[in-house]
Amino acid sequence: MRTVALPVAYMPLVDAAPLIIAQEMGFAQTEGIALDLIPAPSWSSVRDMLAFGRVDAAHMLSPVPVAMALGLGGVSTPVSAVMVTSVNGDVIGVGRALETRLRAQGYEFDFANPRAAARALARAADGPLVFGVPFPFSMHVELLQYWFDGTDLGGTEVTIRTVPPPLMAQALAEGDIDAFCVGEPWGSVAVDQGSGALLLPGNAIWSFAPEKVLAVRTDWAETEPHPLRRLMRAVWRAGQWLSRPDTHTTTAEILSRKAYLDVPPELIDRALHGRFIISGQAEHRDVARFVEFHEGAANFPWRSQAKWMACRLAFRHGLNAADSMARGAAAYRSDLFRAHMPIEVDLPGASEKVEGAILRETAVASQKGQLTLLADSFFDSCIFDPDASD
């Protein structure tokens, strides 16, 4: 089999692991491909590199293909999310000034209570709050907005500002932002540099939020099915490997290399194990399933999740909800996932589900009858029915 080189863009984050591990641990080689992994300085660069043909595939924020399908962001190239590469993995943090005010009112940084965190933060706010996020069309924004809307923060003036993930700690230290939502390891970097403290994990707001996807240009997916199949299978096998606890040390060492994240491996290890140091006071918090690369059909591109994102984007940008959900869902290619996955993958019987309705591990209808989905509840116990929403 002739090895095919595929240029792939990514951002230096822990959740880029499936692509990095696919190349470093030989899963790509087994499929007859070599991944030319190209780090990008920002998420807009990742999007543009893919849209304008600089790369064939990209590690991409889950809402970006949906936003592009809705005509948002100024880039109209059709892009397809062919699989989810990671679920969860974000942290919400605050700067030193907010941390000081939160502690003065007796708040104990309860990682499991988003309502209490919002109530304390609203009381601690000394004027408008500026939150840093990596990109306007991101799960970071969706989680924050959902949290604001359902808590005391809904009455607080909040501005959201874009900051590339590697610069988040610096922006916090320099006072450009008051708080942030970002993927690891950059929240932990802020803690270790003394510029802030962690307030909540993202999965406290939505327990199974699709964070990153493997995205390709839609025309490339249709004209190059064989390289796409090889790429998807290599990334899927890397995610399966990453789901094993005994691989975390090796993963942290690989990702920590200068060519990739260029941070100490112990920072990466915190995210992989879900064991966090949340402040300069050496406080610890454990977060079950902080980031998931495989279990619970984590890689399946649920069209209902695309509809959830499209519905929220439509509301904020004044678009027609029904039309937006239809176009957004079409960007999540469950059909290609079904066509290209290895035979051993147990595929769900449907491509949509009611989001937020699974409260505990639940067996569902699937091709092999062995698929269990993980809890996907929202913090406010609401559900999103893709067939009932308009």
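Of all DSSP-defined beta bridges confined to segment 90-208, some 60% are antiparallel rather than parallel. DSSP bridge analysis restricted to the chain gives an antiparallel fraction near 65%, rounded to the nearest 5. When the chain is treated as a Gaussian network with alpha carbon springs shorter than 10 Å, the biggest mean-square fluctuation among Phe379, Phe293, Phe315 belongs to Phe315.
For Lys258, Lys368, the ranking by accessible surface with the largest value first comes to Lys258, Lys368, using a 1.4 Å probe.
Charge dipole (Cα centre; +1 on Lys/Arg Cβ, -1 on Asp/Glu Cβ; no other charges) of the chain amounts to roughly 460 debye.
For the chain, the longest principal axis of the C-alpha atoms and the axis of helix 139-149 are separated by about 40°. Between the Cα long axis of helix 114-124 and the first principal axis of the chain there is an angle of about 40°, rounded to the nearest 10. In whole Å, what is the distance between the alpha-carbon centres of segment 1-72 and segment 289-346? The two parts, judged by their Cα centres, are 18 Å apart. When all alpha carbon pairs of segment 37-87 are counted in 5 Å bins from zero, the resulting P(r) reads 4, 21, 34, 27, 12, 1 %. The simple spin-label model puts a point 7 Å past each Cα toward its Cβ; for Ala282 and His317 those points are separated by 4.8 nm.
Within the shell defined by Cβ-Cβ distances under 13 Å, the residues around Gly154 carry a net charge of -2, with Lys and Arg each +1 and Asp and Glu each -1.
The residues Arg217, Arg230, Arg2, sorted by heavy-atom accessible surface at 1.4 Å with ligands and nucleic acids left out, run Arg2, Arg230, Arg217 from largest to smallest. Within segment 192-271, none of the chymotrypsin sites (Phe, Trp or Tyr not before Pro) combine a DSSP coil assignment with at most 13 other C-beta atoms in a 10 angstrom radius. The base-10 log of I(q)/I(0) for segment 90-208, evaluated at q = 0.18, 0.20 Å⁻¹, reads -0.84, -1.07 [Debye formula, identical scatterers on Cα atoms, solvent excluded]. Normalising the average separation of contacting C-alpha pairs (under 8 angstrom, six or more residues apart) by the number of residues puts the relative contact order of segment 90-208 at 44 percent. Computed with a 1.4 Å probe over protein heavy atoms only, the accessible area of Phe276 comes to about 0 Å².
With each label modelled as a point 7 angstrom along the Cα→C-beta vector, the Asp335-Thr3 pair spans 3.5 nm. In summary, the lysines within cross-link reach of Lys353, defined as a Cα separation below 21 angstrom excluding same-chain residues under 8 places away, comprise Lys212, Lys307, Lys368.
In the context of the full set of protein chains, the chain has a per residue accessible area of 38 Å² (1.4 Å probe). Mean separation of Cα pairs under 8 Å and 6 or more residues apart, divided by the residue count, gives the chain a relative contact order of 21 percent. Each Lys and Arg contributes +1 and each Asp and Glu -1, all at the Cβ; summed about the Cα centre of segment 266-354, the dipole is approximately 460 debye. The angle separating the long axis of helix 225-242 from the principal Cα axis of greatest extent in the chain is about 50 degrees.
When Thr251, Thr3, Thr218, Thr30 are compared by accessible area of protein heavy atoms, the largest-first order is Thr30, Thr3, Thr218, Thr251, using a 1.4 Å probe.
Taking N as the residue count of segment 253-303, its C-alpha radius of gyration divided by 2.2 N^0.38 Å amounts to 1.42. Pairs of Cα atoms nearer than 8 Å and 6+ residues apart set the relative contact order; for segment 235-390 it is 17 percent. Here the alpha carbons of segment 296-390 define both size measures, Rg and Dmax, at 14.1, 43 Å.
Maximal additional length on extending the Ile38-Lys258 stretch stands at 77.9 nm, based on 0.36 nm per residue less the C-alpha distance. Using the Cα centre of the chain as origin and beta-carbon charges of +1 (Lys, Arg) and -1 (Asp, Glu), tell me which of Val82, Ser377, Val213 is placed farthest towards the positive end of the dipole. Going by the Cα projections, it comes out as Val82. Surface composition of the chain: carbon and sulfur make up 48 percent of the accessible area, probe 1.4 Å.
Taking the Cα centre of segment 90-208 as reference, the dipole from Cβ charges on Lys and Arg (+1) and Asp and Glu (-1) amounts to some 200 debye. Three semi-axes describe the equivalent ellipsoid of the chain; taken as square roots of 5 times the Cα gyration tensor eigenvalues and ordered largest first, they are 31, 24, 20 Å.
The values are calculated or read from the model by the stated rules, or taken from the named source; none is laboratory data. For clarity, every value in this text was computed on a predicted model and none was experimentally measured. Using ideal geometry, Cβ is built from the backbone for each residue, glycine included, and neighbour counts are taken over all protein chains shown. These accessible areas exclude ligands, DNA and RNA; they are computed on the full protein's heavy atoms, side chains included. Shrake-Rupley method; radii C 1.70, N 1.55, O 1.52, S 1.80 Å.
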